[in-house]
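Heads up: the structure comes next, in structure tokens.
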Amino acid sequence: MHNKFTKQVFFLLPFFWIFCSCGSSAEFTGNVKTKAPPPPIQDLPQEPADPPPEVAPVDTGVAWLWECQNPLEGTQEKVDDRAHTLHGKGTYRVPVDSEGRVFLNFSGSFCPFVLLPRDIIFTIDASSSMMEHDPEINNSCGRLAALNTTLATLPDNGVQYAIVMFSDTILFQSTKLFSSRDELFADIVKQSGLPTVSNTICTSNSTTDYDSPLTQSKNLLTLGSPDATKEIFFISDGEPNIGEGKDIAKELKEKGVTLAGSNVTVPVTIATIMLGDSDDSVLKNDIASLDQDKQPLHARVKDSQDLAKVLAALATNKIIGGELKFRGFNTPQQGEDCPPKNGGECPNGQSDCTDCNGYPEQTWTVFQLERMSEDVAFSLPLHDYAVQEVPNGIEVIYTYWDRMMKKFESSGSVYWDFN
């Protein structure tokens with residue numbers, strides 16, 4: 001039995017070898033072994049490309065420019081039947097495309113602050129403690145160096161200055177606002193009766209009062225220009241012994257000064273410097289104005305040699321920020337009817353659609369323009385307005401402000417044109 005089975009196995013082996021060889025993927029040619037070509041490699045799936053940025057179609061794009069000193073202010077340029085350019089403040093009409101949409105792009109630039117006039121009062125402590133903190137050495141002192149440095153950094157045009165020197169009372173003061181350093185110094189020396197400008201600015205006498213110098217600074221600012229900012233730079237080296245100046249400072253910051261011969265009232269910004277180690281809480285918390293971050297415009301200087309750098313930095317004004325905000329109108333332009341709400345229904349059941357109260361009040365969309373130095377441009381992302389959501393148009397308010405918190409504001413309106 002075993003032998004018969006063995007013979008059958010050996011009889012089948014040649015056929016098994018032939019079967020396996022035919023099914024193999026390898027071939028033998030002489031002594032060289034080769035393999036059949038591999039199957040083709042499939043292309044890997046590609047990552048989807050980022051969608052192109054959204055841009056306004058050429059025939060529906062509206063560019064709204066808020067440029068510094070634009071000679072075309074208030075005008076509208078029609079590029080073609082659908083594309084328009086709007087220039088700053090004003091009331092405009094722009095076309096709606098066939099899908100009931102309007103594309104708007106906002107861009108612009110800030111005016112350099114150097115183009116804006118300023119009235120500045122340097123209110124300087126000359127109490128007896130200044131003999132220790134800032135004595136006259138070699139015909140100068142920290143206070144005089146600070147004045148010279150600051151006046152040199154300010155522009156030649158559009159800026160006027162005056163000086164108030166004080167201790168427990170007014171020691172001497174400018175007779176008016178001057179536009180040049182030489183005139184300013186000549187006048188204050190004449191008022192002091194002292195031989196030189198260093199004798200005048202570097203003087204020291206008696207105790208410290210804050211009420212009288214702030215009051216006199218206010219009086220000098222009333223002589224200024226209605227278009228100019230009103231600024232006081234208040235330098236002291238000690239706490240007040242008499243009046244603390246809190247009430248007059250509050251009045252200056254909140255109500256401002258009324259200019260002589262007019263009813264024009266202009267707010268006042270006060271920046272303060274404490275020289276030395278005395279308690280500066282009154283200067284910092286009650287006298288100084290607040291910047292855009294609600295922080296006092298205040299500095300402490302340990303050494304009078306650093307006074308020039310600090311005062312010049314405080315007095316160097318510039319545009320530091322702004323915002324552009326817009327929202328949809330509740331109502332159409334005067335004399336026009338409301339369009340039907342929700343694509344066909346009139347608001348509040350009114351058949352003639354003249355009652356717009358059914359449209360909810362739109363909320364402001366606000367873009368904070370990052371703090372910037374002068375001459376910096378901005379451009380906001382493209383905005384796509386659907387008439388169904390914003391039925392009549394939008395209003396825009398563009399604001400920017402300087403380091404002394406003077407704000408400059410402009411506004412405009414755009415109504416949709418369905419024709």
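The values are calculated or read from the model by the stated rules, or taken from the named source; none is laboratory data. Source: prediction; values computed, not measured. Please note: Cβ atoms are built from the backbone with ideal geometry, for glycine as well, and neighbour counts cover all protein chains shown.
Are any residues in region 186-217 closer than 22 Å to Asp280 by Cα, small (Gly, Ala, Ser) and surrounded by fewer than 22 Cβ atoms within 10 Å (Cβ to Cβ), and if so, which ones?
Ser204, Ser206, Ser212
Starting from residues that are under 28 Å from the mean Cα position of the chain (by Cα) and over 26 Å from Val257 (Cα atoms), keep the ones in region 136-152 and report whichever is surrounded by the most Cβ atoms within 10 Å (Cβ to Cβ). So that I can check it myself, show each step before the final result.
Of the residues in region 136-152, the ones under 28 Å from the mean Cα position of the chain (by Cα) are 149-152.
Narrowing further to those that are over 26 Å from Val257 (Cα atoms): 149, 152.
Details: Thr149: 17, Ala152: 10.
Step by step, filter region 136-152, then rank; the result is Thr149.
Look through region 376-419, keep the residues that are of a type in the set (Gly, Ala, Ser) and within 16 Å of Leu324 (Cβ to Cβ), and return whichever of them is surrounded by the most Cβ atoms within 10 Å (Cβ to Cβ). Show your work before the answer.
Filtering region 376-419 for residues of a type in the set (Gly, Ala, Ser) gives 377, 379, 386, 393, 410-413.
Filter once more, keeping what is within 16 Å of Leu324 (Cβ to Cβ): 377, 379, 410-413.
Numbers: Ala377: 12, Ser379: 11, Ser410: 16, Ser411: 15, Gly412: 20, Ser413: 17.
Among them, the one singled out is Gly412.
Give the residues of region 223-239 that are buried (at least 21 other Cβ atoms within 10 Å of the Cβ) and touching an Asp or Glu at 6+ places or on another chain (Cβ under 9 Å), sorted by residue number.
Gly224, Thr229, Lys230, Glu231, Phe234, Ile235, Ser236, Asp237, Gly238
Are any residues in region 292-324 in a loop (DSSP other than H, G, I, E, B) and within 26 Å of the chain's Cα centre (by Cα), and if so, which ones?
Residues satisfying the conditions are Gln292, Asp293, Lys294, Gln295, Leu297, Thr316, Asn317, Lys318.
If I ask for residues that are touching a strand residue (DSSP E or B) at 6+ places or on another chain (Cβ under 9 Å) and of a type in the set (Val, Ile, Thr), which ones from region 129-150 would you list?
Within region 129-150, Thr150 is the sole residue that qualifies.
Out of region 170-228, which residues are in contact (Cβ under 8 Å) with a residue 60 or more places away in the chain and among the hydroxyl-bearing types (Ser, Thr, Tyr)?
Ser198, Thr203, Ser204, Ser206, Thr207, Thr208, Tyr210, Ser217, Ser225, listed by residue number.
Among Leu311, Leu275, Leu252, Leu297, which is the only one that is at pLDDT 95 or above, within 15 Å of Ile120 (Cβ to Cβ), not aromatic (Phe, Trp, Tyr) and not assigned by TED's automatic domain parsing to the domain that holds Phe408?
Result of the check over Leu311, Leu275, Leu252, Leu297: Leu252.
Spot the failing condition for Leu220; the list is (1) more than 25 Å from the chain's Cα centre (by Cα); (2) surrounded by fewer than 24 Cβ atoms within 10 Å (Cβ to Cβ), and only one is missed.
The one condition Leu220 does not meet is (2).
For region 136-173, what are the residues that are farther than 25 Å from Gly243 by Cα, among the polar types (S, T, N, Q) and assigned to a strand (DSSP E or B)?
Ser140, Gln160
Asp227 fails exactly one of the following numbered conditions: (1) at pLDDT 95 or above; (2) of a type in the set (D, E, K, R); (3) under 31 Å from the mean Cα position of the chain (by Cα). What is the number of that condition?
All conditions pass for Asp227, except number (1).
Ser206 versus (1) modelled with pLDDT of 95 or more; (2) farther than 20 Å from Lys255 by Cβ; (3) of a type in the set (Gly, Ala, Ser): which is the lone unmet condition?
(1)
Within region 164-185, track down each residue that is of a type in the set (Asp, Glu) and surrounded by 13 or more Cβ atoms within 10 Å (Cβ to Cβ).
Asp168, Glu183, listed by residue number.
Name the single residue, out of those in region 268-291 being in a loop (DSSP other than H, G, I, E, B) and touching a helix residue (DSSP H, G or I) at 6+ places or on another chain (Cβ under 6 Å), that is farthest from Ser129 (Cα to Cα).
The residue in question is Ser289.
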